[in-house]
Amino acid sequence: MSIVGWVLDALDALLDDHQYRERVAIRDGLALAGRWRDRTLTVQGAPLEPSILADYGENPPAEFCWGDGSEASRLTALAVMLWLLPERRARHYADRFHRDVVADLPQADFDRTVPYERWRNRLIARRSGTAQPTGDHLAEMGGSRFAVAEESASDDGE
């Protein structure tokens with residue numbers, strides 16, 4: 001990454017953590033790693049704590065869970081989305097993220113990068129019935145219609 005890119009990333013981080021985190025996930029993918037024995041999870045290399053859920057009025061589990069359809073696994077998906085996105089969008093995306101990603105993780109140690117932009121664009125297309133994002137989503141993403149349209153055009157048709 002160039003010095004200019006690094007400076008812009010640093011400024012983004014100062015302005016809005018969620019926006020910065022999502023931009024990194026769009027650019028690089030969403031890096032998830034889990035240790036099954038102690039049920040710990042990292043997102044983009046940063047430890048994620050179940051207590052993030054309490055900050056948003058949820059009753060956090062003692063530890064994370066993944067690889068099944070349980071309520072604890074669903075809360076793990078919500079915790080990842082709350083770390084990544086503003087609350088409204090995190091809650092909007094969490095159930096689908098659980099079904100598409102968290103429930104399919106192995107019940108073992110893992111290190112996986114989710115192609116977040118592709119996943120998000122497919123979710124938007126499914127919910128709106130088109131390959132274009134909704135107006136609310138565009139507003140929250142700063143109107144980045146170009147990146148979404150470009151990704152949708154290269155979609156494999158699912």
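What to note about this one:
- Amide H to amide H, with H built 1.01 Å from N, LEU48 comes under 5 Å of LEU41, THR42, VAL43, counting only residues 5 or more places away or on other chains.
- Percentage of interatomic Cα-Cα distances in the range 15-108 larger than 24 Å: 12
- Summed side-chain charge close to LEU82 - residues other than LEU82 whose Cβ falls under 9 Å, Lys, Arg +1, Asp, Glu -1: -2
- Amide hydrogen neighbours beyond the local backbone of VAL114, cut-off 5 Å, H modeled: LEU30, ALA31, LEU32
- Note, ³J(HN,Hα) from phi for the range 80-95, Karplus 6.51, -1.76, 1.60, rounded to Hz, x at Gly and Pro: 4, 5, 5, 5, 8, 10, x, 3, 4, 6, 4, 5, 5, 8, 4, 4
Values quoted throughout were computed directly from the atomic coordinates according to the rules given, and no laboratory measurement underlies them. In this text the structure is predicted, and so the values were computed from the model without any measurement. Note that each Cβ is placed from the backbone with ideal geometry, even for glycine, and that neighbours are counted across all protein chains shown.
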